[in-house]
Amino acid sequence: MADTPKIEFSRRGFLKGAGITAATTVIESANALARDAKGALHGAQTIGPDALPIKLRVNGHEHAVTVEPRYTLAQTLRDNLDLTGTKVVCDRGSCSACTVWIDKVPSLACMTLAVDAVGREITTIEGLSHGDTMHPVQAAFVKHDAMQCGFCTPGMVMSCAALLERNPNPKLDDVKHAVSGNLCRCGTYPKIFAATLDAAQQHAQVAGLVTLNAGTEA
Amino acid sequence: MAPETFLLEEQQSATQEKPQEPKRTENFVFGIPQNGLQQKQREVSQDEPPPLPANSELTYIGKPTQRYDGPAKAMGKGRYTADVNLPGMLYARMVDATIPHGRIVSIDTSEAEKLPGVRAVHVIEHVYGLAELRDPKQETPSRYPVIRYAGQPIAGVAAISQQIADDAAKLVKVQYDNQPFVVDRTEARADDAPVVFPGPADAAGSAGGGGGPKDVPQKGNVHGPQRKQVGDSEKGFAEADVIVEGEYFTQVQTHSALETHGFVVDWKPDEVTVYASTQGTASVRDDFADVFKLPKSKVRVITEYMGGGFGAKFGAGNEGVVAANLSRKANAPVKLMLDRRQEHIICNRPDSHQTLKIGAKRDGTLTAIQLTSYGTAGVGTGAGAAGPATNLYKCPNLLTEEYDVFVNAGPGAAFRAPGHPQGCFAFEQAIDELAVKLNMDALALRDKIDENPARKVERQLILERTNWRSRKPAGSDAGPVKRGMGIAQSVWYRFVDMDSACEIRVSRDGSVELMSAVQDIGGGTKTILAMVVGEEFGIPPANVVIRIGDTRFPIGPNSGGSVTAGSITPAVRNAAYQAKQKLFAAVAPAFGTTADNLAVQKGRVVFKNDPSKSYTLKQVTAKLPTNEISARATRAAEYSKERLIYGGVDYVELAVDTETGRVHVEKVFGAHDCGRPINPTGVINQINGGILQGISYALFEQRIMDRNAGYMLNANLENYKILGAREVPEIEVALVENYIAQSSTDAAGIGESAGIITLAAAIGNAFYNATGVRMRKIPMTPANVLTALGKVQGEVQA
C-alpha cells in the first residue's frame, strides 16, 4: 500500500524476534520517543519486555498509557483507551478494518506498535466527527446506507475520508482503489462507492447533515 | 432451516391458535402490483389491527428510509460484543487441537496457570458443534473429548491482558495419541478410509438451520442417503424426449464474518450477563440455561450491535461455555473472542459433488428429476443440496438422495440459504443446458415450467431492463476475451418464529419506545421496527426509540432462515395498534369524543367524523390521565396455512479471458420479491450483499485442507480470498412487491434469497454463453477455468 507510512518495526518481524518471554524491542527512548523531521529513529536502545509508560496523541488529546512494547496501536486504542470504534478483524494487515490516520496518512493500527505511534498525531473514527456533527463522509455513508452489520464501516470511513483529503474530486476508480484493502463481508461496496463520490460532490452541503430522514414532530 | 421443517412451523402456528376465539372477516390487499392488485378475504382474530393498504398508500412503510443506527455505525459508536469493556474484565483465548484426529493423553495447565496475570484456566469436558454418536458406547471411554478436527476447542485461559492470555494458551501442554485421519471427501468415501466416528453419528441443526437427517443409514464415513421420492423417476425419464445429465462440484466456503464469534460473560450468583455476538439472543439464553442448569430468568443476553453471522452464530458455542466457566472461576467478567484462524475453522458451508439428471418433453415440460449429492460438513452433517431441484419447478417424478460424508475438518453450519447455492449451481445450469438442447430461450423455458407468479414478473423485468434480447449464441465472440449473459432463479421459504414478542410504551410527553429481545444483525431490523411503529402512530420513525437485543425485553425471534422481518414486524404492529387503542380510550373523554372516533391519518390524530379536528400525537398524549400506557403483543398465527415461497431471478453479464482464465463479472441485474418490503433501502442493500457474496463464492472462495497434515491451510483473510472492492460489478436491483395476506404487515426477510443462491449458477450460465463450455466446478479460479477450457491439464475433479 502506497499510503502506509514507513513503520520502523513491522509487528510480525518484531514478534518473530521477540518470542513470548523476551518481548524486548529496540527504540530510542522508552518514555519520550523522538524522531527527526523525516520520522526516522536513531540511537536505538533496548526496552521491554515489561510494560512501559508512553504518551499517545489521539484525536488531539494526549493520553498516558502503560503498555508492553509488543502492544499494537489497535489494541492499545481499544483496550487501554476504550476507543473501540477502531475494529480488529484479521489482526495481521489483510482487511483494513483497523484503519486510523497516523499523521493524516491512513495506516493499519493492527500492524503498528503503540510505541511506534509515540510523537505521531493519531486520528481514529471517534476523532473524525465533532460531537454529533458527522464528517461529510460519515454523513454520506448514513445517507446512502453504506453499511449493514457496520463492523467494517469505521475502517471504510477512514479510508474514504483520507481519499477526499488527498483528492477532493475522485472518480469511481479512485474510490475502488482507496478501499481496495478494506474488506466488507456484507457486500455494501456499491453504497460505499456512491457515498464517497457523493461526499466529494456535496462536501459543503452535507457537512451539517446529522440525523435520520425525519424532522421533528409538528 | 431446511425446507422439510416448513410443515412443522405451520403446525406450531396452528397449535397456538385459540379455536374458540371469535373472528372477523377482513379484506387484504393481495398479489403483485404489475399484475393488478386484488383483494383477499381472511378471517382474523378480533385483536388484529385492520389490514394495511399497499405501500403506495402508506406514509413510512415502503419508503426508502435511513438506517436507524446509521450514525452510530458511521461514527464508530456502536458497541459490538468485541467492544465491551467492563471494569475488571479479563481477556481469554481458546486453546485448540493441533492434530486432526486422536485422543488426548494428558493436558498440563500448570505452566499456564503459573504465568503472572493468568486468572483462570478451563479444560473443556464436553465439546459442542460436532455430530454425536447414536450409541456413545461405541467410543472407547476417554477422559477428554476425542479430537476429530484440527482446531477443535480444548481449553480456555483468562488473563489480565489479551497478550498474557495468548501467551498462556501456548503454555497449555496437550499430549495426543494420534489416529489416522481423512480430510478429503472422495478419499473419505473409500471402504478403507479412516473413520471419523466409530459408529453412526448425527448432528442437529441450529436456529439457523443446517444439520442433517437422523435415522439414515451410515457406512464408514458416509451418512445417508436422505431420500425423497415423488412419482417414478425411471418412468419419467422413459417419457422424456430430451435428457440432460451432468456432475457438478462446489467447494467449502467459510462464513468469514468480520466480527469473530465471541462472548463477554459476567457470571454473578444472582444473574449471568452474557454479551453475545449472536443471531439469536433467545438461542444463547436457551443454551446457557441448558448447559449450566440455570433458570432462564437468571440468564441475561445482550446483543446491541453484531458484526455479521451469515448463519453460523447461534447458541452458546464452545466459546460461550468456556467464557462462562472462566468467568465463574475467576469471579470476573471474561471476554473471549475467537481469533481469525479459529473463525475460519469452526464453521462453513459444506461442499458438494452432485450428479443430476433432468428429463423433459419437447415443449419443455419436465418429466423427471434425479439428484444424488455427496457433500462434507466436516465433523457435522447438513450437506444436502436438493432444495432447488425439489422446490423450484413442479415435476411429477423426482428422486433425490443426499449423503453427508464425514471428514476430519471443522463442522458445517447454516450459511445463508443452507444447501441452496450448491444445489442451484447444479440445477439451474442443468435447466440452462436443457434449454440449449430444446433450442429454447432460457427465460422462455422457465416461463413454461415455473408456476411462481413473482418470478414470472421478475423474468419480465429482466427482459425489459437488461440486454438479454441481444444475447448471442454460445461461444460466438472471436477474440480471446469472450462475453456472455446468463440467468438463474432462486427459491426460499416462508418460515415464521412464533417466539416473537415486544412491548410498546407511550408516555404522556409523546415519546414512544419499543422493546424486544430481537437482535439486529445488520439487516436493518431496528429501522423496520421504527417504521412500523411510526406508521401506526403517525410519527417519523426517527422519533421512535428502539431498544432491542436484550433478553430482559419480551422474547424475539432468532435471525435465521430469513425469519426476522416476517416474524417480529406483525407483533410490533399489533402492539403499536393496541397501545394506540388504549391511548385513544384513555384520552377520548378529554377531547369530548369516543375512542372509535379517533384515528391516525397522514401523521395526525383526527376525528373521523370531523377531519377539521386534528392533533399531533404529543397533543393527544398530553391528555393521558396516567404517565404511561403500554401494550405487549406476541406474533399471531399466520392468516392462512398456505405454503409460501420467495425467490428472485438474477442476470449476469461477464467476460472470460480465455488466455488467463480470469472471469470478470461486469453487470448484475437482480429482480427479487420478499412479501411487502418495509424498507426498500435495507432490502436492496441486502440483495447487493447477497449478489456480491454469490460472486465471491463462484469465483474466489475456497477452504484448502492440507491432506498430509490435516489442517486448514488458508485460515486467514489473505489466503482465503473473498471479494473486494476491485471485483464489484455494476449492480441494479428491482424489488417486486408481493402481498400475501398472511400477517398484519406481510413483511418477509430477504437474507437467503438475496442473490447468494443464484449467482454461481447465473455466472455458470453466462460462462457457457460466453465460451460454449460448461463450468461444472467452482470456484472459477484461473486454474479451474483453464482446465475446463482444455488449455491445461487439470487435476481430477474432486
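The values are calculated or read from the model by the stated rules, or taken from the named source; none is laboratory data. Please read these numbers as outputs of a predicted model, since none were measured by experiment. All Cβ positions, glycine included, derive from the backbone under ideal geometry; neighbour counts span all protein chains shown.
For the stretch B:497-545, a tally of residues being among the polar types (S, T, N, Q) and away from chain A (no Cβ under 13 Å) returns 3.
Just one of the listed residues (B:GLY556, B:GLY561, B:GLY647) is outside any loop (DSSP other than H, G, I, E, B), within 23 Å of the chain's Cα centre (by Cα) and crowded, with 16+ Cβ neighbours inside 10 Å, namely B:GLY647. Quickly run through the stretch B:652-695 and pick out the residues that are outside any loop (DSSP other than H, G, I, E, B) and among the acidic types (Asp, Glu). Answer for the stretch B:652-695, where residues must be outside any loop (DSSP other than H, G, I, E, B) and among the acidic types (Asp, Glu): B:GLU653, B:ASP657, B:GLU666, B:ASP673. Taking the stretch A:71-92 as the range and being of a type outside the set (D, E, K, R), assigned to a loop (DSSP other than H, G, I, E, B) and either more than 20 Å from B:MET75 (Cβ to Cβ) or more than 11 Å from chain B (Cβ to nearest Cβ) (or both) as the test, the residues that pass are A:TYR71, A:CYS90.
Does B:ILE740 satisfy being closer than 24 Å to B:GLN422 by Cβ, of a type outside the set (D, E, K, R) and within 24 Å of the chain's Cα centre (by Cα)? Here the answer is no, as B:ILE740 does not meet what is asked. For the stretch B:464-514, the candidate set comprises residues that are closer than 30 Å to B:LYS618 by Cα and outside any strand (DSSP E or B); within that set, the residue that is nearest to the chain's Cα centre (by Cα) is B:SER500.
Residue check: B:ASN685 meets all listed conditions (1) within 11 Å of chain A (Cβ to nearest Cβ); (2) surrounded by fewer than 22 Cβ atoms within 10 Å (Cβ to Cβ) but one, namely (2). What residue, of B:LEU692, B:LEU717, B:LEU699, is buried (at least 20 other Cβ atoms within 10 Å of the Cβ), within 14 Å of chain A (Cβ to nearest Cβ) and out of contact with any strand residue (DSSP E or B) (no Cβ under 9 Å at 6 or more places or on another chain)? Of B:LEU692, B:LEU717, B:LEU699, the one residue that is buried (at least 20 other Cβ atoms within 10 Å of the Cβ), within 14 Å of chain A (Cβ to nearest Cβ) and out of contact with any strand residue (DSSP E or B) (no Cβ under 9 Å at 6 or more places or on another chain) is B:LEU717.
Residues are listed down the side, and each one gets a yes or a no for (1) at the interface with chain B (Cβ under 10 Å from one of its Cβ atoms); (2) farther than 30 Å from A:LEU164 by Cα; (3) at pLDDT below 95:
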site	(1), (2), (3)
A:PRO5	no, no, yes
A:PHE14	no, yes, yes
A:ALA23	yes, yes, yes
A:VAL26	no, yes, yes
A:ALA40	no, no, yes
A:HIS61	no, no, no
A:SER94	yes, no, no
A:ALA97	yes, no, no
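Scanning the stretch B:272-298 for residues that are buried (at least 24 other Cβ atoms within 10 Å of the Cβ) and over 24 Å from the mean Cα position of the chain (by Cα) yields a total of 0.
Confirm whether B:PRO180 is at pLDDT 95 or above, under 16 Å from B:ARG103 (Cα atoms), assigned to a loop (DSSP other than H, G, I, E, B) and out of contact with any Pro (no Cβ under 8 Å at 6 or more places or on another chain). For B:PRO180, the condition - at pLDDT 95 or above, under 16 Å from B:ARG103 (Cα atoms), assigned to a loop (DSSP other than H, G, I, E, B) and out of contact with any Pro (no Cβ under 8 Å at 6 or more places or on another chain) - is not met. Given the structure, is B:ILE539 in a loop (DSSP other than H, G, I, E, B) and in contact (Cβ under 8 Å) with a residue 60 or more places away in the chain? It is true that B:ILE539 is in a loop (DSSP other than H, G, I, E, B) and in contact (Cβ under 8 Å) with a residue 60 or more places away in the chain. Entry remark, the stretch B:58-78: residues being more than 7 Å from chain A (Cβ to nearest Cβ), of a type in the set (Gly, Ala, Ser) and either within 17 Å of B:VAL545 (Cβ to Cβ) or in contact with a strand residue (DSSP E or B) (Cβ under 9 Å, 6 or more places away or on another chain) (or both) number 1 in total. Restricting the search to the stretch B:606-635, which residues are farther than 11 Å from B:LEU583 by Cα, within 14 Å of another protein chain (Cβ to nearest Cβ) and assigned to a loop (DSSP other than H, G, I, E, B)? Once the filter is applied, which keeps residues that are farther than 11 Å from B:LEU583 by Cα, within 14 Å of another protein chain (Cβ to nearest Cβ) and assigned to a loop (DSSP other than H, G, I, E, B), the stretch B:606-635 yields only B:THR616.
Here is the figure for the stretch B:79-105: residues that are surrounded by fewer than 24 Cβ atoms within 10 Å (Cβ to Cβ), more than 8 Å from chain A (Cβ to nearest Cβ) and farther than 30 Å from B:ARG143 by Cβ total 5. Among the residues of the stretch B:734-757, those that are β-branched (Val, Ile, Thr) and within 15 Å of B:GLU458 (Cβ to Cβ) comprise B:VAL736, B:ILE750, B:ILE757.
Scanning the stretch B:515-525 for residues that are touching a strand residue (DSSP E or B) at 6+ places or on another chain (Cβ under 8 Å) and buried (at least 24 other Cβ atoms within 10 Å of the Cβ) yields B:SER516, B:ALA517, B:VAL518, B:GLN519, B:ASP520, B:THR525.
Here A:ALA117 clears all of (1) surrounded by fewer than 24 Cβ atoms within 10 Å (Cβ to Cβ); (2) of a type in the set (Gly, Ala, Ser); (3) under 15 Å from the mean Cα position of the chain (by Cα) except the condition numbered (1). Taking each residue of the stretch B:121-140 that is free of Cβ contacts under 8 Å to residues at least 40 places away in the same chain and looking for partners that are among the aromatic types (Phe, Trp, Tyr) with beta-carbon atoms closer than 9 Å, six or more apart or interchain, yields B:VAL123/B:TYR144; B:GLU125/B:TYR144. Condition test on B:GLY710, is it in contact with a Ser or Thr (Cβ under 8 Å, 6 or more places away or on another chain), at positive phi and either touching a residue at least 24 places away in the same chain (Cβ under 8 Å) or not assigned by TED's automatic domain parsing to the domain that holds B:MET775 (or both)? So B:GLY710 fails the test.
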